[in-house]
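Everything below concerns the one structure shown next.
The values are calculated or read from the model by the stated rules, or taken from the named source; none is laboratory data. Owing to the predicted nature of the structure, the values given are computational and were not obtained by experimental measurement. Here the Cβ is made from the backbone with ideal geometry for all residues, glycine too, and neighbour counts use every protein chain on show. These area figures cover heavy atoms from the full protein model, side chains too; ligands, DNA and RNA do not enter into them. Shrake-Rupley method; radii C 1.70, N 1.55, O 1.52, S 1.80 Å.
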Amino acid sequence: MSKDISDDMTERRRSDMRGQRDPILKNLEQYWQTLRHAQRLPARNDVAPSQIDDALPHAFILQRVAPGIARFRVAGQRLHHLLKMDARGMPFSTIFLPEAQDQVQALLESAFSSPAIVSIPLVSPATILRPVLHGTVLLLPLRDSDDKTTRMLGALVTDPDNGSRPRRFTINKAARIRHDHIGLRLAPTPLFPTPPSERPDAIRPALRLVVNNG
């Protein structure tokens, strides 16, 4: 039986609960905007964890390693809770179900190469033992020390979830994907990562975002 209009509106309202109006995502984006300098994106080394306390459990930083592929360099405790494992070093695609990964890869590459602010509405399907879970992931591009767009500040927020099994997400078709082109001309992004010993993240371990607010 198809859903009626009221059911569809209810679904859309639920999907918006953890969307663009979420205060954690809104405040993180506002902070990112304060770090912008004229026609330049914020730099990776500009991000100060002390300035994003509320977002820290949900926040992460990605490093681009190939077109459409990035790995978690640092990750908040919320990602650990959802995945039931440490996300650091894992590909960004880890949080998604297989059917969503091609589209997510294209959105991620656009966020790096355009560059663009990207916000993806998420849904983790219900099962017999657990309810549906809605969320949103926000992507905010960053420059590295060579002025290349190889880093991404982000956050993942969801409705409360106390389940004991890992959660994976697909894109919520009932909500809008946000893609805001920033309109900057940036240096080309390298397709291959620099050696670990030369990475800015390896030099500044104090910027780890793994926290536990529980």
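For segment 69-90, the criterion of a residue being touching a helix residue (DSSP H, G or I) at 6+ places or on another chain (Cβ under 6 Å) and assigned to a strand (DSSP E or B) is satisfied by at least one position.
Suppose we keep only residues that are aliphatic (A, V, I, L, M) and surrounded by fewer than 17 Cβ atoms within 10 Å (Cβ to Cβ) within segment 120-165. Which one would you say is farthest from K84 (Cα to Cα)?
By that ranking, first place goes to I128.
Based on what the data block shows, is I117 modelled with pLDDT of 95 or more, within 22 Å of H181 (Cβ to Cβ), open to solvent by less than 60 Å² (accessible area, probe 1.4 Å) and not charged (D, E, K, R)? Criteria met by I117. Here R44, R64 are screened, and the one residue that is at pLDDT below 95, under 19 Å from D144 (Cβ atoms), touching a helix residue (DSSP H, G or I) at 6+ places or on another chain (Cβ under 8 Å) and open to solvent by less than 20 Å² (accessible area, probe 1.4 Å) is R44. Here F96 passes the criteria (1) in contact with a helix residue (DSSP H, G or I) (Cβ under 6 Å, 6 or more places away or on another chain); (2) surrounded by 19 or more Cβ atoms within 10 Å (Cβ to Cβ); (3) among the hydrophobic types (A, V, I, L, M, F, W, C); (4) farther than 17 Å from G135 by Cβ except the one numbered (4). Checking each residue in segment 94-128 for being farther than 15 Å from P67 by Cα and either of a type in the set (F, W, Y) or touching a Gly at 6+ places or on another chain (Cβ under 8 Å) (or both) picks out F96, S119, P121, L122, V123, S124.
The residue pairs whose first member lies in segment 158-177 and is farther than 16 Å from F92 by Cα, whose second member is outside any loop (DSSP other than H, G, I, E, B) and open to solvent by 30 Å² or more (accessible area, probe 1.4 Å), and whose beta carbons are closer than 7 Å, counting only pairs six or more residues apart or on different chains, are D159/M17; A174/E11; A174/R12; A175/R12; A175/D16. Return yes or no: is R71 open to solvent by 30 Å² or more (accessible area, probe 1.4 Å) and modelled with pLDDT of 95 or more? Here the answer is yes, as R71 does meet what is asked. The set of residues from segment 166-191 being surrounded by fewer than 17 Cβ atoms within 10 Å (Cβ to Cβ), in a strand (DSSP E or B) and either at pLDDT below 90 or in contact with a helix residue (DSSP H, G or I) (Cβ under 6 Å, 6 or more places away or on another chain) (or both) comprises just one member, A187. In segment 106-121 there is at least one residue that is out of contact with any Ser or Thr (no Cβ under 7 Å at 6 or more places or on another chain) and over 24 Å from R36 (Cβ atoms).
This table checks each residue for (1) over 14 Å from the mean Cα position of the chain (by Cα); (2) within 19 Å of I24 (Cβ to Cβ).
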site	(1), (2)
D54	yes, yes
L82	no, yes
I95	no, yes
E99	yes, no
L107	no, no
